[in-house]
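The values are calculated or read from the model by the stated rules, or taken from the named source; none is laboratory data. None of these values were measured; they are calculated from a predicted model. Cβ: placed from backbone, ideal geometry, glycine included. Neighbour counts: every protein chain shown.
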Amino acid sequence: MNNAILSDCPVPVRDFLFYMETIKGRSPRTVEGYYIDLRTFFRYIKRAKNLVPPSLSFEEISIRDVDMALISTITLSDVYEFLHFTASDRSNNSATRARKVSSIRGFFNYLTVKAHLLDENPVRELEVPSLKKSIPKYLTLENSIELLASAETEDGDYKERDYCMITLFLNCGMRLSELVGINLTDIRNNQLRLLGKGNKERIVYLNDACIASIEAYKKLRPNDVTDKNALFLSRNGKRISRRRVQQIVENQLKAVGLDHKGYSVHKLRHTAATLMYQYGHVDIRMLKEILGHANLGTTEIYTHISNEQLEAAAQKSPLAKIKPRNKKDD
């Protein structure tokens, strides 16, 4: 946990964040998300309970003085009013509000069940805002082939690296953080060890395309570098950053005219899952393990059916070829 968070954290929140990071194994990025959500919540609580001057801007409200005396006064109604505030005043969508609910529920569950600082959990009945289930954006098979072809023929000293990264995204469906975190020692023959959400390890199997792209890149990968074990390196010999990978993918998408459609690194993960399901006929439970999802419900968004499949199904009707007979003119 960084010093900026620690300096602004009241003790109950700080202890919760330490618990989530050290005991539950949440990543620093996830812990920071909890902090931001709780900071917004307690800023609202302090303003709603008239504990700060009305003239003080919302972003200037400090939460350092939040203590158990204040926390113990919070009711379920306060949380509902906060969620209304995030929707009406801050234009948070249902997904963002659902994340805030998750942070608040986790915090109060910790205070009640783990730290025993509260006798009753005021948000025990708090429901998560319903989320609209939308079909994830993904590249078509033709788009994917075009993207790989463009990456393979790009100019520059790093085309083997960039091609390898895109190949792994499109074939393995890994997350951005998982790709950036790959070490040379994680690769054994056709197996690749990935470190996913919550520091959960999983093994994915590399197909011929992945193995070939890794071997081609490793032949040109410099050895006299700062991060000797990192697979993907930046130009200064350090482990490549998430932002740099995002820029590389954005540039490659732009090169094939797909940048205007809202595609991104995460959409390559969607693409890999969709292509495996639609063309590889991968079982949904197997797809769950490949993607590293905690529950099957998350994976089920990839069972959407393409228009092409619907059209093909219509043509397979046993009555598809029966047409009306021509009638002779009277």
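In the set (1) within 30 Å of ILE23 (Cβ to Cβ); (2) modelled with pLDDT of 95 or more, GLY198 fails one condition alone, (2). Does THR153 fit the bill of being hydroxyl-bearing (Ser, Thr, Tyr), closer than 30 Å to GLY237 by Cβ, exposed (fewer than 14 other Cβ atoms within 10 Å of the Cβ) and free of Cβ contacts under 8 Å to residues at least 40 places away in the same chain? Yes: the conditions hold for THR153. Among the conditions (1) without any contact (Cβ under 8 Å) to a residue 24 or more places away in the chain; (2) in a helix (DSSP H, G or I), the only one that VAL101 does not satisfy is (1). Residue-level check: of (1) hydrophobic (A, V, I, L, M, F, W, C); (2) assigned to a helix (DSSP H, G or I); (3) surrounded by 14 or more Cβ atoms within 10 Å (Cβ to Cβ); (4) out of contact with any Cys (no Cβ under 8 Å at 6 or more places or on another chain), ALA69 misses just (3).
LEU268: farther than 24 Å from ARG29 by Cα and either without any contact (Cβ under 8 Å) to a residue 12 or more places away in the chain or out of contact with any His (no Cβ under 6 Å at 6 or more places or on another chain) (or both), yes or no? No, not satisfied.
Here VAL11 passes the criteria (1) under 22 Å from the mean Cα position of the chain (by Cα); (2) touching a residue at least 40 places away in the same chain (Cβ under 8 Å) except the one numbered (1). Among residues of the range 180-189 being out of contact with any helix residue (DSSP H, G or I) (no Cβ under 6 Å at 6 or more places or on another chain), outside any strand (DSSP E or B) and on the phi < 0 side of the Ramachandran plot, the one that is surrounded by the most Cβ atoms within 10 Å (Cβ to Cβ) is ILE182.
Would you be able to tell me the number of residues in the range 190-208 that are exposed (fewer than 11 other Cβ atoms within 10 Å of the Cβ) and over 17 Å from CYS164 (Cβ atoms)? Full working, then the answer.
Step one: filter the range 190-208 for residues exposed (fewer than 11 other Cβ atoms within 10 Å of the Cβ), giving 199, 201, 208.
Of the ones still in play, those that are also over 17 Å from CYS164 (Cβ atoms) are 199, 201.
Matching residues across the range 190-208 total 2.
Checking each residue in the range 201-238 for being of a type in the set (Val, Ile, Thr), modelled with pLDDT of 95 or more and touching a helix residue (DSSP H, G or I) at 6+ places or on another chain (Cβ under 9 Å) picks out only ILE214.
Pull up the range 220-251, narrow it to residues that are without any contact (Cβ under 8 Å) to a residue 12 or more places away in the chain and in a helix (DSSP H, G or I), then point me to the one that is surrounded by the fewest Cβ atoms within 10 Å (Cβ to Cβ). If we take residues in the range 220-251 being without any contact (Cβ under 8 Å) to a residue 12 or more places away in the chain and in a helix (DSSP H, G or I), then ARG243 is surrounded by the fewest Cβ atoms within 10 Å (Cβ to Cβ).
When ALA313 is evaluated against the numbered criteria (1) modelled with pLDDT under 70; (2) farther than 23 Å from THR140 by Cβ, which criterion, by number, is the only one it fails? Only one criterion in (1) modelled with pLDDT under 70; (2) farther than 23 Å from THR140 by Cβ is unmet by ALA313, namely (2). Scanning the range 1-31 for residues that are under 25 Å from LEU195 (Cα atoms) and either touching a strand residue (DSSP E or B) at 6+ places or on another chain (Cβ under 6 Å) or surrounded by fewer than 11 Cβ atoms within 10 Å (Cβ to Cβ) (or both) turns up ASN2, ILE23, ARG29.
Just name the residue that is nearest to GLU178 (Cα to Cα) out of those in the range 252-265 that are in contact (Cβ under 8 Å) with a residue 60 or more places away in the chain and not small (Gly, Ala, Ser). Before the answer, list the steps.
Of all residues in the range 252-265, those in contact (Cβ under 8 Å) with a residue 60 or more places away in the chain come to 252-253, 255-256, 258, 261-263, 265.
Checking the rest, the ones that are also not small (Gly, Ala, Ser) come to 252-253, 256, 258, 261, 263, 265.
Details: GLN252: 20, LEU253: 21, VAL256: 25, LEU258: 24, LYS261: 25, TYR263: 19, VAL265: 12 Å.
Among those that are in contact (Cβ under 8 Å) with a residue 60 or more places away in the chain and not small (Gly, Ala, Ser), it is VAL265.
Name the residue, out of ASP162, ASP157, ASP119, that is assigned to a loop (DSSP other than H, G, I, E, B), closer than 29 Å to LYS218 by Cα and at pLDDT 85 or above. Full working, then the answer.
Numbers: ASP162 fails: assigned to a loop (DSSP other than H, G, I, E, B); ASP119 fails: closer than 29 Å to LYS218 by Cα.
Among ASP162, ASP157, ASP119, only ASP157 is assigned to a loop (DSSP other than H, G, I, E, B), closer than 29 Å to LYS218 by Cα and at pLDDT 85 or above.
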